[in-house]
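K.L.:
If you scroll down you'll find the structure; I have some questions about it.
The values are calculated or read from the model by the stated rules, or taken from the named source; none is laboratory data. Just so it is clear, the structure is predicted and the values come from calculations on it, not from any experiment. Note that we place each Cβ from the backbone using ideal geometry, even for glycine, and neighbour counts take in every protein chain shown.
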């Protein structure tokens, strides 16, 4: 009986925002994110955390972490997280609008920039600029990892799962989906012990 109540509470919390935000506001947010983050995966997490959690309050930090974890099961995991976020915040219409909005700028940019990139890379100044953008993205990702770790690493069990998942990913190069499933199983086992 208690497990059923826990599951119902989790569903209620994870869908608490459904339908409460106008889908067009969500679409504009993800259109902006898709425009700024062309070609970046995990850098998206910083923008989502800043916009959805801190600025607008549409998601909690835990909901964002859950969305990122669920996104790991899809191709283009972090960008596909927009679909989950859209659903949590504004239902099915929010999911569709968020997905289209985050990918639309990339399609447009590829059409426009594809012929130009080789010439930019050939320029010493522009090549250095593009390298600096890549390096700053790594710094931004590291900062977000630290922020999310503070929210997710709440006890020794969570730390143990992170250590094992890190070893599995770095040393054994396991697919992220297997690591997420293993972490979920490990979390469930540790909770029942």
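K.L.:
Quick one: count up the residues across segment 69-101 that are under 21 Å from residue 162 (Cα atoms) and surrounded by 21 or more Cβ atoms within 10 Å (Cβ to Cβ).
P.N.:
Within segment 69-101, residues that are under 21 Å from residue 162 (Cα atoms) and surrounded by 21 or more Cβ atoms within 10 Å (Cβ to Cβ) number 2.
K.L.:
Within the bounds of segment 105-123, is there any residue that is within 18 Å of residue 44 (Cα to Cα), at pLDDT below 95 and over 18 Å from the mean Cα position of the chain (by Cα)?
P.N.:
Taking every residue of segment 105-123 in turn, at least one turns out to be within 18 Å of residue 44 (Cα to Cα), at pLDDT below 95 and over 18 Å from the mean Cα position of the chain (by Cα).
K.L.:
For residue 71, state whether it is modelled with pLDDT of 90 or more and under 30 Å from residue 154 (Cα atoms).
P.N.:
Judged against the criteria, residue 71 is not a match.
K.L.:
Scan 135, 108 and give me the residue that is free of Cβ contacts under 8 Å to residues at least 24 places away in the same chain, part of a helix (DSSP H, G or I), exposed (fewer than 11 other Cβ atoms within 10 Å of the Cβ) and assigned by TED's automatic domain parsing to the domain that holds residue 23.
P.N.:
135
K.L.:
Being under 24 Å from residue 54 (Cα atoms), assigned to a helix (DSSP H, G or I) and touching a residue at least 60 places away in the same chain (Cβ under 8 Å): is that true of residue 143 here?
P.N.:
yes
K.L.:
Test residue 101 against the stated conditions and say whether it is assigned by TED's automatic domain parsing to the domain that holds residue 25 and over 30 Å from residue 59 (Cβ atoms).
P.N.:
no
K.L.:
Name the residue, out of 84, 73, that is closer than 24 Å to residue 174 by Cβ and outside any helix (DSSP H, G or I).
P.N.:
Sole residue among the options that is closer than 24 Å to residue 174 by Cβ and outside any helix (DSSP H, G or I): 73.
K.L.:
Just to be sure before I move on: is residue 148 in the same structural domain as residue 48 (by TED's automatic domain parsing) and either surrounded by 13 or more Cβ atoms within 10 Å (Cβ to Cβ) or more than 30 Å from residue 24 (Cβ to Cβ) (or both) in the structure I sent?
P.N.:
The answer is yes for residue 148.
So that you can scan it fast, the table gives a plain yes or no per residue for (1) assigned by TED's automatic domain parsing to the domain that holds residue 74; (2) assigned to a helix (DSSP H, G or I); (3) exposed (fewer than 11 other Cβ atoms within 10 Å of the Cβ):
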| residue | (1), (2), (3) |
| --- | --- |
| 161 | no, yes, no |
| 164 | no, yes, no |
| 169 | no, yes, no |
| 172 | no, no, yes |
| 177 | no, yes, no |
| 186 | no, yes, no |
| 191 | no, yes, yes |
